[in-house]
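K.L.:
Pasting a structure below so you can have a look.
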Amino acid sequence: MTANLLDFDLEGLAGFCERLGEKRFRATQLFRWIHQKGAAQFDDMTDLAKSLREKLKTSAHIQAPPVISQHISADGTIKWLFDVGGGNAIESVFIPEDDRGTLCVSSQAGCAVGCRFCSTGHQGFSRNLTVSEIIGQLWFAEHFLRKHLATQDRVISNVVMMGMGEPLQNYQPLVQSLRVMLDDHGYGLSRRRVTVSTSGVVPMMDRLGQDCAVALAVSLHAPNDALRDNLVPLNRKYPLQELLQACQRYLAFAPRDFITLEYCMLDGVNDTSEHASELIRLIRAHSSHAWCKLNLIPFNPFPASGLGRSKAAAVQAFAKQLSDAGIVTTVRKTRGDDIDAACGQLAGDVMDRTEVGKRIERQRKIMLTPVASPDNEPTGVLKS
Ligand code: SAH
Ligand code: SF4
């Protein structure tokens, strides 16, 4: 079997080139062709020596997981389902906004953490994704979108590891993928535009701070251990005290001076005024400085959970109580509801949408541009 070059960060690709008897710097050229130009065929890499291209053809390939389906929401959100073999599928979601384009990326097929409010958690764990399966989501989406928007400019400006899976339970492939995202010869994203979301794998949060300190979001969901034990079973291993101490340590490395705390609003479960008071005390107990931003996520319901979405009034009251206490709090807008773009976990955002027209124009372009390209290039079948 030949090597999938999407499995390598630049360092790894340099090693691969050496093994082929090539100079390490060839890797930079190759890396740029793959990630910056979206090339999938070695013959397209016109400034590489023919002899190298021939060698590559027999020893390597460039392949993202195949797309099973693509759905475009009325608000411009696009969800792709990728086939990762063995009956497993993973999802990525593109969320266009006026000033950015965010891709929500999966890190595992299924998830072992088993949070009660998460449909991925209910599916159980299948397996870790490889680097090519993680970075392949970005590679495909970026170059697909460029092609369909007929632009050479970067379309995806932000990545959030908020799709399926617990990224910090697939550590090495995650970090290697992050390196490709950050590499100037790759996607050139700044550390503050790449966010890892975790349910709280404390030792790995420390390692991430050392190895690749991107922005961090921590899925809190409860202000006390009894409730969090129940909602996020990993809390039994790494309880709140330890988790929030790890957040403080991470701040020394974080690209921004805050950590995002995510809080999924569950009707009657974690959304009362008492919960809000308890949460304020918890946050303050860990630092007198404003060290976090709270992101309230409306629960995306699914029948097996037996849970309901908090009433809008409860969310507003909760947000106000936190804000009044000086904690920066935003309520996340749901996006792509009509295409269920959530994997049970929508990575929407808090932007108010002023220039809706611009996005609709973009959206129209995406839907009207015909698709015609070789099999292995970033493409897909459009469904409206
Ligand atoms: N495993 C990581 C990242 C993936 S989940 C984590 O848990 O942080 C990304 C975000 O979506 C998390 O904050 C998660 O709690 C939230 N989420 C999961 N299921 C959800 C649902 N049904 N509705 C709303 N948010 C959900
Ligand atoms: Fe896993 Fe995150 Fe879902 Fe919990 S919320 S089950 S950690 S994907």
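The values are calculated or read from the model by the stated rules, or taken from the named source; none is laboratory data. All figures in this text were calculated on a predicted structure; none of them were measured in a lab. Cβ atoms come from the backbone with ideal geometry, glycine included; neighbour counts cover every protein chain shown.
K.L.:
Look at residue 81 and say whether it is in contact (Cβ under 8 Å) with a residue 24 or more places away in the chain, away from ligand 1 (no atom under 16 Å from the Cβ) and over 24 Å from residue 265 (Cα atoms). Can you show your working first?
P.N.:
On the way: in contact (Cβ under 8 Å) with a residue 24 or more places away in the chain: no; away from ligand 1 (no atom under 16 Å from the Cβ): yes; over 24 Å from residue 265 (Cα atoms): yes.
Criteria not met by residue 81.
K.L.:
Report the residue count in the stretch 214-238 for those that are more than 16 Å from ligand 2 (Cβ to nearest atom) and surrounded by fewer than 18 Cβ atoms within 10 Å (Cβ to Cβ).
P.N.:
Within the stretch 214-238, the first condition is being more than 16 Å from ligand 2 (Cβ to nearest atom), and the residues that meet it are 214-215, 223-226.
From what's left, surrounded by fewer than 18 Cβ atoms within 10 Å (Cβ to Cβ): 224-226.
Residues that pass the stated criteria total 3.
K.L.:
Take the stretch 88-135 and flag every residue that is in a helix (DSSP H, G or I) and either within 9 Å of ligand 1 (Cβ to nearest atom) or not small (Gly, Ala, Ser) (or both). Step through it out loud before you land on a result.
P.N.:
Restricting attention to the stretch 88-135, the residues satisfying the condition of being in a helix (DSSP H, G or I) are 119-123, 131-135.
Across the stretch 88-135, the qualifying residues are 119, 120, 121, 122, 123, 131, 133, 134, 135.
K.L.:
Hey, residue 29 hits all of (1) touching a residue at least 24 places away in the same chain (Cβ under 8 Å); (2) out of contact with any Gly (no Cβ under 7 Å at 6 or more places or on another chain) but one; which does it fall short on?
P.N.:
Failing condition for residue 29: (1).
K.L.:
Given the structure, is residue 230 touching a residue at least 40 places away in the same chain (Cβ under 8 Å), over 19 Å from the mean Cα position of the chain (by Cα) and assigned by TED's automatic domain parsing to the domain that holds residue 201?
P.N.:
yes
K.L.:
Out of the residues in the stretch 136-167 meeting the condition of being assigned to a loop (DSSP other than H, G, I, E, B) and away from ligand 2 (no atom under 16 Å from the Cβ), tell me which one is surrounded by the most Cβ atoms within 10 Å (Cβ to Cβ). It would help to see each step written out before you state the result.
P.N.:
Looking only at the stretch 136-167, we keep the residues that are assigned to a loop (DSSP other than H, G, I, E, B), and these are 150-157, 162-166.
From what is left, the residues that are away from ligand 2 (no atom under 16 Å from the Cβ) are 150-157.
Details: 150: 8, 151: 12, 152: 8, 153: 6, 154: 14, 155: 20, 156: 23, 157: 15.
For the stretch 136-167, the residue satisfying everything is 156.
Residue-wise test of (1) within 22 Å of residue 61 (Cα to Cα); (2) within 16 Å of ligand 1 (Cβ to nearest atom); (3) at pLDDT below 95; (4) of a type in the set (D, E, K, R).
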position: 152; (1), (2), (3), (4): no, no, yes, no
position: 157; (1), (2), (3), (4): no, no, no, no
position: 163; (1), (2), (3), (4): no, yes, no, no
position: 169; (1), (2), (3), (4): no, yes, no, no
position: 180; (1), (2), (3), (4): yes, no, no, no
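K.L.:
Now for a separate question. Of all residues in the stretch 65-81, how many are touching a Ser or Thr at 6+ places or on another chain (Cβ under 7 Å) and either modelled with pLDDT of 95 or more or under 23 Å from residue 41 (Cβ atoms) (or both)?
P.N.:
The initial filter retains those residues of the stretch 65-81 that are touching a Ser or Thr at 6+ places or on another chain (Cβ under 7 Å), namely 72, 80-81.
Still in the list and also either modelled with pLDDT of 95 or more or under 23 Å from residue 41 (Cβ atoms) (or both): 80-81.
The number of residues fulfilling the criteria is 2.
K.L.:
Check 62, 68 and return the single one that is within 24 Å of residue 148 (Cβ to Cβ), hydrophobic (A, V, I, L, M, F, W, C) and touching a strand residue (DSSP E or B) at 6+ places or on another chain (Cβ under 6 Å). Walk me through how you get there before you give the answer.
P.N.:
Details: 62 fails: touching a strand residue (DSSP E or B) at 6+ places or on another chain (Cβ under 6 Å).
Unique residue meeting the criteria: 68.
K.L.:
Continuing with this model, one more query. Would you say residue 174 is assigned to a helix (DSSP H, G or I), away from ligand 2 (no atom under 16 Å from the Cβ), surrounded by 19 or more Cβ atoms within 10 Å (Cβ to Cβ) and under 13 Å from the mean Cα position of the chain (by Cα)?
P.N.:
Working: assigned to a helix (DSSP H, G or I): yes; away from ligand 2 (no atom under 16 Å from the Cβ): no; surrounded by 19 or more Cβ atoms within 10 Å (Cβ to Cβ): yes; under 13 Å from the mean Cα position of the chain (by Cα): yes.
Against the criterion (assigned to a helix (DSSP H, G or I), away from ligand 2 (no atom under 16 Å from the Cβ), surrounded by 19 or more Cβ atoms within 10 Å (Cβ to Cβ) and under 13 Å from the mean Cα position of the chain (by Cα)), residue 174 does not qualify.
K.L.:
How about the stretch 184-225: which of its residues are among the hydroxyl-bearing types (Ser, Thr, Tyr) and more than 18 Å from the chain's Cα centre (by Cα)?
P.N.:
Keep residues of the stretch 184-225 that are among the hydroxyl-bearing types (Ser, Thr, Tyr), which gives 187, 190, 195, 197-199, 219.
Within the stretch 184-225, no residue meets the criteria.
K.L.:
Do we find a residue being at pLDDT below 95 and crowded, with 18+ Cβ neighbours inside 10 Å anywhere in the stretch 4-20?
P.N.:
The answer is no, given that none of the residues of the stretch 4-20 is at pLDDT below 95 and crowded, with 18+ Cβ neighbours inside 10 Å.
K.L.:
Something else about it: Could you check residue 326 against (1) within 16 Å of ligand 1 (Cβ to nearest atom); (2) part of a loop (DSSP other than H, G, I, E, B); (3) at pLDDT 95 or above and say which number it fails?
P.N.:
The single condition residue 326 does not satisfy is (1).
K.L.:
Looking only at residues that are in a helix (DSSP H, G or I) and crowded, with 18+ Cβ neighbours inside 10 Å in the stretch 252-288, which one is farthest from ligand 2 (Cβ to nearest atom)?
P.N.:
By that ranking, first place goes to 280.
K.L.:
Okay, moving on. In the stretch 182-221, what residues are outside any loop (DSSP other than H, G, I, E, B), hydrophobic (A, V, I, L, M, F, W, C) and within 16 Å of ligand 1 (Cβ to nearest atom)? Explain how you work it out, then say what you get.
P.N.:
Step one: filter the stretch 182-221 for residues outside any loop (DSSP other than H, G, I, E, B), giving 182, 191-198, 202-211, 215-219.
Going one step further and asking which of them are hydrophobic (A, V, I, L, M, F, W, C), we end up with 182, 194, 196, 202, 204-205, 208, 215-218.
194, 196, 202, 204, 205, 208, 215, 216, 217, 218, listed by residue number.
K.L.:
Now for a separate question. When the residues of the stretch 292-314 are narrowed to those that are surrounded by fewer than 20 Cβ atoms within 10 Å (Cβ to Cβ) and more than 16 Å from ligand 2 (Cβ to nearest atom), which ends up nearest to residue 120 (Cα to Cα)?
P.N.:
303
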